[in-house]
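The values are calculated or read from the model by the stated rules, or taken from the named source; none is laboratory data. Note that the structure is predicted; figures quoted are calculated from it, not measured. As a convention, Cβ positions derive from the backbone with ideal geometry for all residues, glycine included, and neighbour counts pool all protein chains shown.
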Amino acid sequence: MSIQGQPPPRIAQRFLRWFCKPELLEEIEGDIEEDYYYRQQDKGKNYAAFWYCIDVVRFLKPFAVKSFVKTQTFNPMFSINSKLAFRNLAKNKLYSFINITGLAIGIAACLIITQYVLFQLSFDRFHSKSDRIYRVLTTAYQNGEYGNTGLYCGFALAPALLKDVPEIEQAARVHPYYGGAIVQRTGQKGGVRPFFEEEVLFTEPSFFSIFSFELLQGDAHTALSSPNAVVITQKIADKYFGSSHDAIIGQSLRINGGYTNEEFTITGILKDVPANSHLNFDILLPLQKVLQSNQYTQPGADWGWTNFFVYALLNPQVTEQQAEQKIANLMHQYRAEELESSGTREVLSLEPILDVHLQSSIDNEDGEQANKTDMGTIYFLIVIALFILVIAWINFINLSTAKATERGVEVGIKKAMGAIRPQLIAQFLTESFWINLIAVALGLAITYLLLPIMGEVIDLPLELTWNAPVIQILLLTLIVVGPVLAGLYPAFILSAYRSVNALKSQKSGGQKDRFAVRKALVVFQFVVSTLLMAGTFAVSKQLRYMENRDTGFQMDQVLVIKGPRVGVSLENFEAFKNQVKSIATVESFASSRSIPGAGYSFATNARREDTEQSAVKRIDATWIDKGFMETYGMELISGRDFSDAYDSPDEMDRNGVLVSEEALKVFGLGTAEEALEKRLIISGDTSLIRGVVKDHNWKSLHKGYVASAFYYIPATTRYFSLKINSQNTKATLEQIEEKYHEAFPGNPLEFFFMDDFFNRQYEQDQQFASIFNAFAGFAIFAACLGLFGLASYTVVQKAKEIGIRKVLGAGSLQITLLFSKRYMVLILIANLLAVPLAYLAIHKWLQNFAFSIPIRANLFIVPIVILAAIALLTISFQTLKASFSNPVKNLRSE
Amino acid sequence: MKGTNLGEFQELVLLTIGVLYPEAYGVSIKDEIRKKTGRKVTLSTVHGALNRLEKKGLVSSEFGEATSIRGGKRKRYFTITSSGVKALEETREQREELWNAIPQQALQVKLTT
């Protein structure tokens, strides 16, 4: 045979020669090349060259790759380096402690945040088809202007989707059990305690084929197909039947509420809904049951009652855009007339369920029961985690380089004995590796202990998960990259010592530059610390502000009872009302359809009587009775409230509506006095304005004042509010409970205090604040540890200087000031840099709130002063110690 | 050591070396296995197996002639050593014992359901 064609690609050949074991090279190279020439003959040059490269890369296997480490010197070097590292750690116990703890805390903080972020990102991913499940959203435009985006729709939508859009494989309607239900086990002798359940949903069988909620007992296909079936979670099974779940299927529960009042047979037991599900429920009832109710069998109910929401499963090969195009105008296909006459345009869209938790585009917050943390917070936390890690590494770098002078002698001797620089670098890197490894282990331990506690604080089930790839990669990075990143700079600095200089004197060239780097790093640490500290301060101030701000209601000492569901009549309502009012400590009583903090009862369109149809604006409304304004201490600006009878021949006029001040502006009603006697057309009905209520915060302070209306209702059992005038709430409560059970037997008493309830709206903010506080604490602690270490080393280095100064007559105070000064200057610089950044960040955050604290100077001054004080304390601990020391001790040892 | 136990692929390589005797070297072994089993084996897997086999002492090798098609590199010919033969025999005996131990009924599985 003779050489034919081209020689193999040079680069691949050289690469092979470089990495391959010399003893194997000849046969391997020969074999690959032989194949190469055959291929060249058969399939041409390029094909052969390509496969030549692939073949070479394939030989990157342990058996064929030569050892790049010179084993003879490496192994002993590594072990002697490790030995030296441990000796060094043991020798400087304080230094090692500070170094390792600082790093460990940084790592722990980073891990904890990662866990939290992972949890937030894991929402709804447990469904096996999660990438194909969408929520159908409706965006309404009023006369071409954007109105709102919501998920509620009529029950006719899902069948229409399935019929007209083949891209949608399955759809499931969900109807919440509004107002909750009283659930009681039946078929038991004696009294069985009823419970009030809120997380109840009506849905259809396709629910189980779309979602992956696991049915432990029962059949997913048939569990919801009969109208009197009920599926419960394990939690509910435990609650009503005890821990043994063997004979539960077939038993029945009586479910009483606004939609049902009958027995249901249990057909399935579900595993509890995971905490990372946006959809939360304890009990599932068949949708056909609720569709049979009067409300939904009226004409026009199919699109008119928008109490449902729809989940859709797309076909695997369909994209979101394709399906969205098809559905966008579906509403107009079915309801053209109705929509056109009111000038509304409704566009349907799809929202991936993976976006629901963090990036939902819904903007009517009333319907959403899931807790929302938005994506911004997640990014923010990731940044904080990185900052803390960087602070910890900076500590490490600072402390290591600060020790340079001491280690200089060691380096000098080693160099004099013939050590070369790579060997020294290897030594310091080994040291860095061990410190990092210990810190990672300690950090893991801290995380393991702290995570459940943190989880409890923020009310999330957090625990250390090893199997998440992100955590594994993070740990690997911390162990492998960390030491190199943090150890490289000190290693180069330390190994750069000129042996003569190092041996000759303690001071060596380049000291100044190194100190500059160290200064910059300290400044950076304190910039971050100041930022976090100012942030913490602003967050807690805003929270306190929100909790204490006058909302327009008097909420302390108001007790709210969730009204009865079973056996309610006007007589026993009146009886209860009179009984309760007769209790001496109950000042007033009110019943209403909603209460502050619970949202309005509905939102609808309204306009002034004398304006065009197209002038409609949004108005929120609910129903209250005569006692409501008094109980909540609401202020009436003009007109009469409902307790003040109004004479009019027209019944509608006699009741009228109360509107908020904001509504005057929105609907152009003029002043509070002028507005009286004017009429608003709300949802098609004309209502006379009988009074104007001062603006109030019915919802959290995130939202501004809204145009709202109060309708009159003589009695309702949704919420009872009682103003209590007593320090002894317990006794009053007992009395109320007794009367309640007397008037409404069979109803569990559920109550809460209004101020607690209202402030529960800030749970998310509080969660944010507690996470923020914890990590600001972490960062400050780590930064101070670093400062402490640095100060202690400076003091040791300058022991002689201090001694001489003392001998020459300097006082302790002077010396302390002298040594604190340089660090205080650094902190001052850090503060100057941090303040504008903090200002921007706080300003941005406060924009989340309609009512926020003003950004004043003391928002920055207080944290800066506190931080400076902490820093000063840290430093003076060392400097004071030095200044009190006996100068003879330090000067003698020349 | 795990003794002379052979991995499935190693057994295949070892057998192929026997088949190709005395012309067994990397490329020919690879081609033969591809031809006989239809598996997409690569040179590197074959070399890996050869390396293991040689370490276990089941094959021995020597350099042969250099050819121009190999860019002047010598081939390395592999032959089975006596312990290689023993290992093959043992494997075969184990298989046969197992085969014989299977009750007749077990092999009469109906493939249709």
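Could you please let me know if B:LYS30 is at the interface with chain A (Cβ under 10 Å from one of its Cβ atoms), part of a strand (DSSP E or B) and either without any contact (Cβ under 8 Å) to a residue 60 or more places away in the chain or under 22 Å from A:LYS61 (Cβ atoms) (or both)?
On the way: at the interface with chain A (Cβ under 10 Å from one of its Cβ atoms): yes; part of a strand (DSSP E or B): no; either without any contact (Cβ under 8 Å) to a residue 60 or more places away in the chain or under 22 Å from A:LYS61 (Cβ atoms) (or both): yes.
No, not satisfied.
Can you pull out every residue in the range A:22-56 that is among the β-branched types (Val, Ile, Thr) and touching a residue at least 24 places away in the same chain (Cβ under 8 Å)?
Let us first name the residues in the range A:22-56 that are among the β-branched types (Val, Ile, Thr), namely A:28, A:32, A:54, A:56.
Answer for the range A:22-56, where residues must be among the β-branched types (Val, Ile, Thr) and touching a residue at least 24 places away in the same chain (Cβ under 8 Å): A:ILE28, A:ILE32, A:VAL56.
Looking across the range A:230-258 at every residue that is among the small types (Gly, Ala, Ser) and either in a loop (DSSP other than H, G, I, E, B) or closer than 23 Å to A:PRO274 by Cβ (or both), the one that is nearest to the chain's Cα centre (by Cα) is identified as A:ALA237.
Just to be sure before I move on: is B:GLY38 in contact (Cβ under 8 Å) with a residue 60 or more places away in the chain and away from chain A (no Cβ under 11 Å) in the structure I sent? No; evaluated as a whole, the condition is false for this residue. Among the residues of the range A:178-191, is any part of a strand (DSSP E or B), within 29 Å of the chain's Cα centre (by Cα) and assigned by TED's automatic domain parsing to the domain that holds A:GLN292? The answer is no, given that none of the residues of the range A:178-191 is part of a strand (DSSP E or B), within 29 Å of the chain's Cα centre (by Cα) and assigned by TED's automatic domain parsing to the domain that holds A:GLN292. Residue pairs whose Cβ atoms lie under 7 Å apart, separated by 6 or more positions or on different chains, with the first residue in the range A:171-186 and buried (at least 20 other Cβ atoms within 10 Å of the Cβ) and the second among the acidic types (Asp, Glu), are A:ALA172/A:GLU204; A:ARG173/A:GLU204; A:ALA181/A:GLU197; A:VAL183/A:GLU197. Taken together, A:PHE768, A:PHE710 contain a single residue that is in contact with a Ser or Thr (Cβ under 7 Å, 6 or more places away or on another chain) and under 17 Å from A:PHE849 (Cα atoms), which is A:PHE768.
For the range B:41-81, the set of residues classified as within 16 Å of B:VAL13 (Cα to Cα), within 9 Å of another protein chain (Cβ to nearest Cβ) and not in a helix (DSSP H, G or I) consists of B:THR42, B:SER61, B:ARG76, listed by residue number.
Here A:LYS626 meets each of (1) basic (Lys, Arg); (2) touching a residue at least 12 places away in the same chain (Cβ under 8 Å); (3) assigned to a helix (DSSP H, G or I); (4) closer than 13 Å to A:TYR711 by Cα with one exception, condition (3). Considering A:ALA621, A:ALA584, A:ALA598, A:ALA575, the condition of being in a strand (DSSP E or B) and either outside the structural domain of A:GLY656 (by TED's automatic domain parsing) or not aromatic (Phe, Trp, Tyr) (or both) is satisfied by A:ALA621 alone. Is it the case that B:GLU23 is in a helix (DSSP H, G or I) and either more than 9 Å from chain A (Cβ to nearest Cβ) or not small (Gly, Ala, Ser) (or both)? Answer is no for this residue.
Restricting the range B:82-93 to residues that are closer than 17 Å to B:GLY57 by Cβ and surrounded by fewer than 18 Cβ atoms within 10 Å (Cβ to Cβ) leaves a set whose member that is nearest to the other protein chains (Cβ to nearest Cβ) is B:SER83.
Name the residue, out of A:VAL706, A:VAL657, that is of a type in the set (Val, Ile, Thr) and either crowded, with 21+ Cβ neighbours inside 10 Å or more than 25 Å from A:MET754 (Cβ to Cβ) (or both).
Details: A:VAL706 fails: either crowded, with 21+ Cβ neighbours inside 10 Å or more than 25 Å from A:MET754 (Cβ to Cβ) (or both).
Checking each option against the conditions leaves just A:VAL657.
What helices (runs of 4 or more DSSP H) completely inside the range A:12-118 contain at least 3 residues that are modelled with pLDDT under 85 and more than 30 Å from A:ALA468 (Cα to Cα)? Hits in the range A:12-118: A:71-91. Residues that are outside any strand (DSSP E or B) and in contact (Cβ under 8 Å) with a residue 60 or more places away in the chain were ranked within the range A:601-618; the one that is nearest to the chain's Cα centre (by Cα) is A:VAL616. Scanning the range A:395-438 for residues that are among the polar types (S, T, N, Q) and within 26 Å of A:ALA516 (Cβ to Cβ) gives A:ASN395, A:ASN398, A:SER400, A:THR401, A:THR405, A:GLN427, A:SER432, A:ASN436.
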